[in-house]
1. Take Glu446 and decide whether it is within 24 Å of the chain's Cα centre (by Cα) and either closer than 25 Å to Gly571 by Cβ or crowded, with 20+ Cβ neighbours inside 10 Å (or both).
2. Is there a residue in the stretch 133-152 that is modelled with pLDDT of 85 or more and in a strand (DSSP E or B)?
3. Take Phe32 and tell me if it is within 13 Å of Ile98 (Cβ to Cβ), of a type outside the set (Ser, Thr, Tyr), touching a Ser or Thr at 6+ places or on another chain (Cβ under 8 Å) and surrounded by 15 or more Cβ atoms within 10 Å (Cβ to Cβ).
4. Test Gly509 against the criterion of being out of contact with any Gly (no Cβ under 8 Å at 6 or more places or on another chain), at positive phi and assigned to a loop (DSSP other than H, G, I, E, B), and give yes or no.
5. Is there a residue being at pLDDT below 90, part of a strand (DSSP E or B) and out of contact with any helix residue (DSSP H, G or I) (no Cβ under 8 Å at 6 or more places or on another chain) anywhere in the stretch 282-298?
6. Is it the case that the stretch 336-357 has a residue that's in contact with a strand residue (DSSP E or B) (Cβ under 8 Å, 6 or more places away or on another chain), among the acidic types (Asp, Glu) and at pLDDT below 85?
7. Give all pairs with beta carbons closer than 7 Å in which a residue from the stretch 546-561 that is farther than 20 Å from Val449 by Cα meets a residue that is among the aliphatic types (A, V, I, L, M) and assigned to a loop (DSSP other than H, G, I, E, B); count only pairs at least 6 apart in sequence or on separate chains.
8. On the basis of being within 25 Å of the chain's Cα centre (by Cα) and not assigned by TED's automatic domain parsing to the domain that holds Phe372, does Arg199 make the cut?
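The values are calculated or read from the model by the stated rules, or taken from the named source; none is laboratory data. Just so you know, these numbers come straight off a predicted model, no measurement behind them. Here the Cβ positions follow ideal geometry from the backbone for every residue, glycine too, while neighbour counts run over all protein chains shown.
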Amino acid sequence: MIDIAPLYDMLAESTISDYTGVYCVDSKTGEFRCFTSDPGFSSLHIDFEGPDFYTSLARDTAKVVLREDLGCFSDEMIRRNIADHIGTGKLPYIRFRIIINSRPIYHTLRMIRDISENNSCFIIGLLNIDAEVRIKQESDKLRSEREIYSQIAESLAGNYDTLYYVDTESGKYFEFSAADSYRSLHVPVIGQDFFAETRENVVRYVCPEDRDFAEGWYYRENMMKALREKRSFSYKYRLLIKGEKIYYRFTVILAEDDKHIIVCVKNIADEIAAAQERLDTHMRTITYNQIAETLASKYDVIYYVDMVNGSYVQFMANPIYGSLEIKEEGDDFFADTIENIKKIVHPHDADRLLTLIGKDHLITQLDEKKQFRIEYRLVINGTQQYTRLTAMWSSDKIHVIIGVENIDEEVRRETEQIHALNEANEMARRDSLTGTKNKNAYDELERSVQSNLDNGIDYLPFAIVVCDLNDLKTVNDSEGHRAGDDYIRSASQLICGIFTHSPVFRIGGDEFAVFIRGSDYPHRDELFLTLHNTVAKNIKRGSGPVIAAGMAVYDKNTDRRMSDVFERADGMMYGDKRKLKESGAL
């Protein structure tokens, strides 16, 4: 056998603690010894010394290396690779997984020391590279998900020149641009502060006469105040693009999570040109009917109201009110409007509309701005219909022209765009195998909770349950990976079925976490006991998933980080796993 005394200094040089195992091999005889500081590796029942390194290594790898990685470990391949590279002091890079404590751990072989003139031994280290491999895999996965999300968002942006998706708290944003003209402004695709950066761009790109108006919208408090009144609004101003003044409409929509806004940017030069054309027609025309016809090209219904005596005439281009009887003219527009609102306006919008369309309020609004708009819903023949009312002074400042238009299609498109963005966002946070939330979603939750804790917000009480599915490797090895997937799904269904009011996350191959809050929180001990008892029954009858679990409760007096709670729950889970092993259940 190899005399290891001369090798002690060499092993010290080799920093054995950096390696799972170190093999010292006599190149002449093939005799070897293996040294390890890893207790998990020591428990694998492999040869730690012997007369033939190559044969023993091939035999041992068949026991401990993941089946699909065994191709690089034939006796012939090992012998040839090592023999060919002894002189260079390097081995070809191969990556494989060793099952240690029921978990596949990525490793590679490394030539630590070559044969010297005074020693016929060479030393090979078994290096643990699991952390760096898994970090790269996670990075590749996130990169792929970001690419998919960007493709979805860019396809939606086709209806606009540009979309901005903005985090209202941090100001961080993504920009998706479909129009070459807007892209030529070189606005960043990703930014750190939408509001501050956009105010800077206003100075660079907005027409001087529109800058004060435009800049006012890009203060967080101004925009959020407008969104508190309604979940979307629009405004427009002119950009200077290649020396040309071009009108753009900016539509701001509050996302469903109330934490993001979507800013939709659209070139409306054609609309403005069309509006100008209608205005020119109006200026050239002196007859009342021609004025009404021009306005009717945009609106379904037009009211021409005398603001002195209240009399009015109605022009209808489309049957927006269905078969209901609406007066074509009358003596008191505001009294008739009250009656019509009671008949055809959605009950949830009726009180608001009655206030806004009152005579005094309407005059006040039109004295402050050129146009006054209200959006509401009609109920026609039992069907809900989104409608926009636009009021403006006529040129004589005596009459008000009120146009009513059906905006169902516009609302539907905007709703679909928001839904699609939300769906893409949700897909990136779902585990495809179990349907639960994934590690990305858990990380986002942790960041959100931690932000509240860091800012001194008295966060709602919560608890965390950490679960580990036992025997997954055995199922995979004996029945195949499809059976293993079924086993994971059954565990997920068991956990979700118990913690019905709390989000469940798959945070690893066989690991789950439950964030207990809301109505589940007061019953957390009872629910955790239900999980424990169900596992015990599964063990007794030899059927169903076996899950080790631990639970920890947030203590605001001692816990400074959400991870503190997770780590306690994780430690309790490992304690439960030990009890299961000691009881013979595993």
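1. yes
2. no
3. no
4. Taking the combined requirement at face value, the residue does not satisfy it.
5. The answer is no, given that none of the residues of the stretch 282-298 is at pLDDT below 90, part of a strand (DSSP E or B) and out of contact with any helix residue (DSSP H, G or I) (no Cβ under 8 Å at 6 or more places or on another chain).
6. Looking for residues that are in contact with a strand residue (DSSP E or B) (Cβ under 8 Å, 6 or more places away or on another chain), among the acidic types (Asp, Glu) and at pLDDT below 85, one finds none in the stretch 336-357, hence no.
7. That search, which allows pairs on different chains as well, returns Val546/Ala585.
8. No.
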